[in-house]
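These notes are about the structure you will find just below.
The values are calculated or read from the model by the stated rules, or taken from the named source; none is laboratory data. This one's a predicted model, so the numbers in the text were calculated from it and none came from an experiment. Neighbour counts run over all protein chains shown; Cβ positions are idealised from the backbone, glycine included. Note: accessible area is taken over every heavy atom of the protein model, side chains too, but ligands, DNA and RNA are not part of it. Shrake-Rupley method; radii C 1.70, N 1.55, O 1.52, S 1.80 Å.
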Amino acid sequence: MTRRQVILSGSTFEERIGYARAVVDGDWVHVSGTTGFDYATMTISDDVVEQAEQCLRNIEAALAEAGCSFDDVVRVRYLLPVREDFEPCWPTLRRRFGEVRPAATMMVCGLADSRMRIEIEVYARRPALGRSSS
């Protein structure tokens, strides 16, 4: 039987809405759409690139708690309310995913809070000892 583990970040949104930052289901890690809020202070920058960097720090913490890293990400989704905000984020995103090359989608859509300029969601497969990467 697959063990399910819930990972919480401390975001007030998790409690108010009723979700987890990530869910580990066997080898798979599903990280919720993650915004640029600094969960320790519940503040968010006005700058989209700074938000993207904070999104990735938040995701990195969830992945680490699940026993994996950006190297294990197989799928990423970028959600932005303004299409033109995506390209300035490319260098930041490439630093994390450039060597990993996960499947990726960018969507233009409304986000839950008007201060949010980017939301990132990832799926990762936890490494297993002895598993071939080919």
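Just name the residue that is farthest from Met116 (Cα to Cα) out of those in the range 36-46 that are in contact (Cβ under 8 Å) with a residue 24 or more places away in the chain and open to solvent by 10 Å² or more (accessible area, probe 1.4 Å). The selected residue is Ala40.
So which pairs qualify, if the first residue must be in the range 102-125 and under 20 Å from Ala61 (Cβ atoms) and touching a residue at least 24 places away in the same chain (Cβ under 8 Å), the second must be open to solvent by 40 Å² or more (accessible area, probe 1.4 Å) and not in a strand (DSSP E or B), the Cβ gap must be under 7 Å, and the two must be at least 6 apart or on different chains? Final answer for the pair search is Arg125/Asp27. Of all residue pairs spaced 6 or more apart or on separate chains, those with beta-carbon atoms under 6 Å, a first member in the range 1-28 that is modelled with pLDDT under 90 and a second member that is assigned to a loop (DSSP other than H, G, I, E, B) and small (Gly, Ala, Ser) are Thr2/Gly26.
The condition (being open to solvent by less than 40 Å² (accessible area, probe 1.4 Å) and out of contact with any His (no Cβ under 6 Å at 6 or more places or on another chain)) is satisfied by just one residue among Gly10, Gly18, Gly26: Gly26. Scanning the range 29-69 for residues that are under 11 Å from Ile120 (Cβ atoms) and either modelled with pLDDT under 95 or more than 9 Å from the chain's Cα centre (by Cα) (or both) yields Gly36, Gln51, Ala52, Glu53, Gln54. Those strands (runs of 3 or more DSSP E) of the range 47-134 in which at least 2 residues are open to solvent by 30 Å² or more (accessible area, probe 1.4 Å) and touching a Leu at 6+ places or on another chain (Cβ under 9 Å), considering only elements entirely within it, cover 103-108, 119-125.
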